[in-house]
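Here's the structure we're looking at; comments come further down.
Since every read-out is calculated from the coordinates, none of them should be taken as a lab result. Since the model is a prediction, treat every value here as computed from it, not as a measurement. Reconstructed Cβ throughout: ideal geometry from the backbone, glycine too, with neighbour counts over all protein chains shown.
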Number of protein chains: 2
Amino acid sequence: MHRPRWGDPARTTELPGAAATLAGESAPHHGVDPDTITLPGPAMSDAVRARLAAIVGAENLTDADTARVQHTRGFSMPDLLRLRAGNAVDAPDLVVYPGDHDEVVEILAACARLNVAVVPFTGGTSVVGGLAPDATGHDGVVSLDLRRLDRIEEIDEISRLATLQAGLRGTAAETLLRERGWTLGHFPQSYEGAGIGGYAATRSAGQSSAGYGRFDEMVEGLVLATPRGTVELGTAPRSAAGPDLRQLILGSEGVFGVITSVRVRIRPAPAGRVFDGWRFASFEQGATALRRLAQDGPLPTVIRLSDEVETAINLADPDQLGGESSGCLVIAGYEGEADEVRRRRDAASAVLTDAGGTALGTEPGEAWRTGRFAGPYLRDPLLDAGVLVETLETVTLWSKLHGLRAAVTEAITGSLTASGTPPLVMCHVSHVYESGASLYFTVVAPFGTDPLADWGAAKTAANNAIRAAGASITHHHGIGRDHRDAYHDEIGPLALEALRAVKAHLDPDGVCNPGILI
Amino acid sequence: MHRPRWGDPARTTELPGAAATLAGESAPHHGVDPDTITLPGPAMSDAVRARLAAIVGAENLTDADTARVQHTRGFSMPDLLRLRAGNAVDAPDLVVYPGDHDEVVEILAACARLNVAVVPFTGGTSVVGGLAPDATGHDGVVSLDLRRLDRIEEIDEISRLATLQAGLRGTAAETLLRERGWTLGHFPQSYEGAGIGGYAATRSAGQSSAGYGRFDEMVEGLVLATPRGTVELGTAPRSAAGPDLRQLILGSEGVFGVITSVRVRIRPAPAGRVFDGWRFASFEQGATALRRLAQDGPLPTVIRLSDEVETAINLADPDQLGGESSGCLVIAGYEGEADEVRRRRDAASAVLTDAGGTALGTEPGEAWRTGRFAGPYLRDPLLDAGVLVETLETVTLWSKLHGLRAAVTEAITGSLTASGTPPLVMCHVSHVYESGASLYFTVVAPFGTDPLADWGAAKTAANNAIRAAGASITHHHGIGRDHRDAYHDEIGPLALEALRAVKAHLDPDGVCNPGILI
């Protein structure tokens, strides 16, 4: 991956005709080659560099411009637009590659003494500003790239647990586990870029969450490096030994320290799979069907519902764009032993039929499955063509789902229309629980005169609508800097101060990802 | 319930012949009538009483000896032995009955200013010293009895959530929910005594945890009263909005404040049920069968495995006591719609058979189900007869289960044998997870010359064995004061200090259940 462009360069995608029509008359906006960006000299002193080199070895740190640019910010649309414009002012001063947990602890302790901010880096795929700390008052920023912590430390086949180092990419972890007959079952949209430590630090949720659970539900143990030493948690799957402190570290986004390994639940690699498509007349009808599966079962491994607009786009029929409803597409996928796949598929299909669904066969299901990691590849050609494209997501109770969807859609549409660039707003449900579900919005609009400002206003309107509806500001993207205000509103001042008290204890000098989350 | 004796006085149990043989020649040890205990005058000043009366009304607080004794300590064997001996030195000085959340906040704020320790009280059934704070340096102790917070505030039938006030007894909550067609499905051994707030504050787990989950898994939202105000958490079932702070409050045992209500998952009241008994040749064989159900399914609603000794006792055949193995009893119970019960029972029975089990039909299952809350009633007649009886529990990974069971059994047996009172140690598995399971030990021995000291030594030996095996010090009893040292060892010094930092923030004067947990 060579930012700002997503994924494997060999898989660069052409803009499909349907999407190209959105671009209108806009001129191309390809942006600068990131390798040509020249950064101001690193703010880091030679003394700091020497101190860190003494820990990791001189060959495991660099202040080369290319490396610094490649560790700059994440993959939100504002991040992409800024880097395309040659703006890399948030580049770290130094990139450091520790070799093990103890080196991470040493680096954090050294940076605390040296007043240097530290940003943990695994895949660098944050879409919420999680990699752009507020380093005001610090003597430089280190990007702590964990790529050398890339081993499976242990597999306990009896207990079905694997201990994974934080720098393992999701794809590499899955490959190594499959070689032993296991799967993690975690496939977020960022799968081709993200890493294990990032999954844990941001409470990632994958497309197969109905079958395998969210990443925070898979983690049974973790090791955290802090400037003051090591915290190791998780003696058993569940316990009544006080608060579940694992849940205090999961989602902490690097502000308490750096997660260096996690012990996660694994499952036998599935022998079979079937992915079906279903059509529902309306989003409401489809949501009721998903709710029945979530509450009374059986849950497929993957279950998703696209609204009318997203369904029309997915069907790639330009005539449908903005037109009348062609219904709502549901994807229901089943993985496991052949018998179990058959049983669950039969039972779930009976529920979906009873709830008003029409079976579309496996073709739409397989099309979704095989294309499911292609979405991020579309962003670059859309931006090249002058089309603003961004996603945001939330989660709420079933009883509040439709009100929330309407409020967020209206907020985004109203804001971008006021900016003179009326958007297309699509929505899907991709994660279901007994009591509620996620909503994931995709927004597409032609560039106006100031796409960054236009999107900033729309995002603020969406955040306000989410909080006004009593929903959570994020289901799986995390907080970073972009959701910080809404997050503080969500948890309230006393809880926020409690988190700050924890940080003041584990990171008294405030060098761990400052300005993120809290 | 009239402590120290358990439960409904009308259901007082005679000691069965098998158990009575344990008592040997010991003289009766009935203990004093708690109503005859005269306490030293309350340490609380009139000014404090007047201040709290101004909040709750004079009719909602008392310093009568009977009320104070009834709020003294919990139901561990040491607690019972001390109260039977007329020792109520840990009695609170005042019992206060707030009427709503705001009154709880006011009481906590007032007690913080007045330097008065506060012990939250719902059922008072702690078996780990959770109700006996260390009030050194405080100007008295208030027992904050939440019994007036006894309503279901809201039922969201679409999202299947109910908001329950903390003072509701488990039995009352279940009755109110059943009237509306719902169940909580939470049936701990303390069911006849415990309350909702206690379930949450101690991470209770019920006998149907395989089907309905642990209490901490049911809670989706909660309201905490602290001396500094209110913390309200839980906007959605799951979220990536930072650490899951609900999990910081669950299990906090009153040291951050008082949980006044929880929003919990509810399920349709089951239409049908079947409980089967199964026999396995050995504990190891039975555990493997349970592991297969936990990992590959289907999970029954209730699944338990007794070891050879407990099985022999359960079969109530005195000839078996201490004799050769009669095998190990498994209880597998299924609840739900009739079709679903049949399907899960058929599939689970096939697994149990394949794993070497012999079906015993529904008689042992029904016997367990109908007698399942009778256990605690046996403690009083056993103590009356001079028989030491206590339980303890832990949880670990499947790969460590048998080593842990052997180590704990040996530790207890060795310690009590050295004290001259060789015990009978029984064990069962009653909660299973994909990666591990709980172990629950019941210890019975004749009184020696100092039962409190003998048990104290045995308990320390058991705690050390649990920690040496890397297991958690408690699966569902909690920490209180009795597990504090082992708990601190389990989470390590940095995590402990982080918890203390949270407490220092929410309860800066340290009046909330001091000496408990941290």
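Only the Cβ atoms of Lys and Arg (+1) and of Asp and Glu (-1) were treated as charged; on that basis the dipole of the protein assembly as shown about its Cα centre amounts to roughly 240 debye. The mean number of Cβ atoms from other chains found within 10 Å of a Cβ in peptide A:487-493 is 4, as a whole number. With neighbour counts taken as other beta-carbon atoms within 10 Å, the residues B:Asp482, A:Asp454, B:Asp139 rank, fewest first, as B:Asp139, A:Asp454, B:Asp482. What separates the Cα centres of the range A:370-421 and the range B:56-94 is a distance of 59 Å. With axes computed from alpha carbons, what is the tilt in degrees of helix B:484-506 against the longest principal axis of chain B, rounded to the nearest 10 within 0 to 90? Helix B:484-506 and the main axis of chain B meet at about 30 degrees. Computed over chain B, relative contact order equals 17 percent, with contacts defined as Cα pairs under 8 Å that lie 6+ residues apart. Modelled label positions at A:Arg500 and B:Thr362, each set 7 Å beyond Cα in the direction of Cβ, lie 6.1 nm from each other.
For B:Leu94, nonlocal amide neighbours, meaning residues 5 or more places apart or on other chains whose placed amide H falls under 5 Å from its own, are B:Val141, B:Ser143. Summing charges over neighbours of B:Tyr377, with a neighbour being any other residue whose Cβ is under 13 Å away from its Cβ, gives -1 when K and R count +1 and D and E count -1. Here the Karplus relation 6.51 cos²θ - 1.76 cosθ + 1.60, evaluated at θ = phi - 60°, turns the backbone of the range A:341-349 into coupling constants of 4, 4, 5, 5, 5, 4, 5, 5, 5 Hz, with x for every Gly and Pro. Cross-link partners of B:Lys459 among aspartates and glutamates, defined as those whose alpha carbon lies under 15 angstrom from its own and excluding same-chain residues fewer than eight positions apart: B:Asp79, B:Glu390, B:Glu393, B:Glu410, B:Asp450, B:Asp482, B:Asp485. Placing one equal scatterer on every Cα of the range A:272-372 and applying the Debye formula, the log10 ratio I(q)/I(0) at q = 0.14, 0.15, 0.25 Å⁻¹ is -0.48, -0.55, -1.35. Per q in 0.08, 0.10, 0.11 1/Å, what log10 I(q)/I(0) does a Debye calculation on the alpha-carbon atoms of chain B return? Cα-only, vacuum Debye calculation for chain B: -0.50, -0.80, -0.98. Can you find, among B:Tyr440, B:Ala240, B:Ala462, the residue sitting farthest towards the positive end of the charge dipole of chain B, where Lys and Arg contribute +1 and Asp and Glu -1 at Cβ? Checking the options against the dipole of chain B, the answer is B:Ala240.
For the pair A:Leu452 and A:Ala58, label points projected 7 Å from Cα toward Cβ lie 3.8 nm apart. Only helices enter the 222 nm calculation for chain B: every DSSP H run of n ≥ 4 contributes -39,500 (n - 2.57), and dividing by all residues gives -11000 deg cm²/dmol, rounded to 500. Each other copy holds its own label point for A:Glu157; taking that point as 7 Å from Cα along Cα to Cβ, the gaps run 5.1 nm, nearest first. Ordering A:Gly515, A:Val429, B:Ala501 by the projection of their Cα atoms onto the charge dipole of the protein assembly as shown, which places +1 on the Cβ of Lys and Arg and -1 on the Cβ of Asp and Glu, puts A:Val429 at the extreme positive end.
Full-extension gain between B:Ala47 and B:Thr230, please, as 0.36 nm times their residue separation minus the C-alpha to C-alpha distance. Don't skip to the answer; put the middle values down first.
Numbers: separation 183, 0.36 × 183 = 65.88 nm, distance 2.57 nm.
Length gained, B:Ala47 through B:Thr230: 63.3 nm.
The alpha-carbon atoms of the range B:152-268, seen along their principal axes, cover 37, 30, 26 angstrom, with the largest extent given first. Note on chain A: with charges restricted to the Cβ of Lys and Arg (+1) and Asp and Glu (-1), its dipole about the Cα centre is near 720 debye. Converting phi to 3J(HN,Hα) with the Karplus coefficients 6.51, -1.76 and 1.60 and the offset θ = phi - 60°, the range A:287-295 yields 5, 5, 5, 5, 4, 4, 5, 5, 8 Hz in sequence order, with x at every glycine or proline.
Using Cβ counts within 10 Å as a stand-in for footprinting exposure, how do A:Thr391, B:Thr396, B:Thr370 rank, fewest first? Let's see the in-between values first.
On the way: A:Thr391 17, B:Thr396 27, B:Thr370 10.
Least to most surrounded, the residues fall as B:Thr370, A:Thr391, B:Thr396.
Only one residue of A:Thr66, B:Gly74, A:Ala287 has its Cα farthest out toward the positive end of the dipole of the protein assembly as shown, where Lys and Arg carry +1 and Asp and Glu -1 on Cβ, and that residue is A:Ala287.
Relative to the first principal axis of the alpha-carbon coordinates of chain B, what is the inclination of helix B:451-468, with its axis defined by its Cα atoms, in degrees from 0 to 90 and to the nearest 10? Helix B:451-468 sits at roughly 70 degrees to that axis.
Other residues whose C-beta falls under 11 angstrom from the C-beta of B:Leu83 contribute a net charge of +2, scoring Lys and Arg +1 and Asp and Glu -1. Size estimate for the protein assembly as shown follows the Kirkwood approach: the inverse of mean 1/r over distinct Cα pairs works out to 30.3 Å. First select every other residue whose beta carbon is under 15 angstrom from the beta carbon of A:Leu146; then total the charges, Lys and Arg +1, Asp and Glu -1. Counting the neighbours of A:Leu146, the net charge comes to -4. Overall, the range B:152-268 carries a charge dipole of about 140 debye about its Cα centre when +1 sits on the Cβ of Lys and Arg and -1 on the Cβ of Asp and Glu, all other atoms neutral. Annotation for B:Ala406, label-to-label distances across the other copies: 6.5 nm (shortest first, one decimal, point 7 Å from Cα along Cα→Cβ).
If exposed means no more than 14 neighbouring beta carbons inside 10 Å and the site is in a DSSP loop, what's the longest run of chain B without any exposed GluC sites (Glu not before Pro)? List each step's numbers first, then the result.
On the way: sites that count: B:Glu14, B:Glu25, B:Glu157, B:Glu324, B:Glu337.
The longest uninterrupted stretch comes out as B:338-518.
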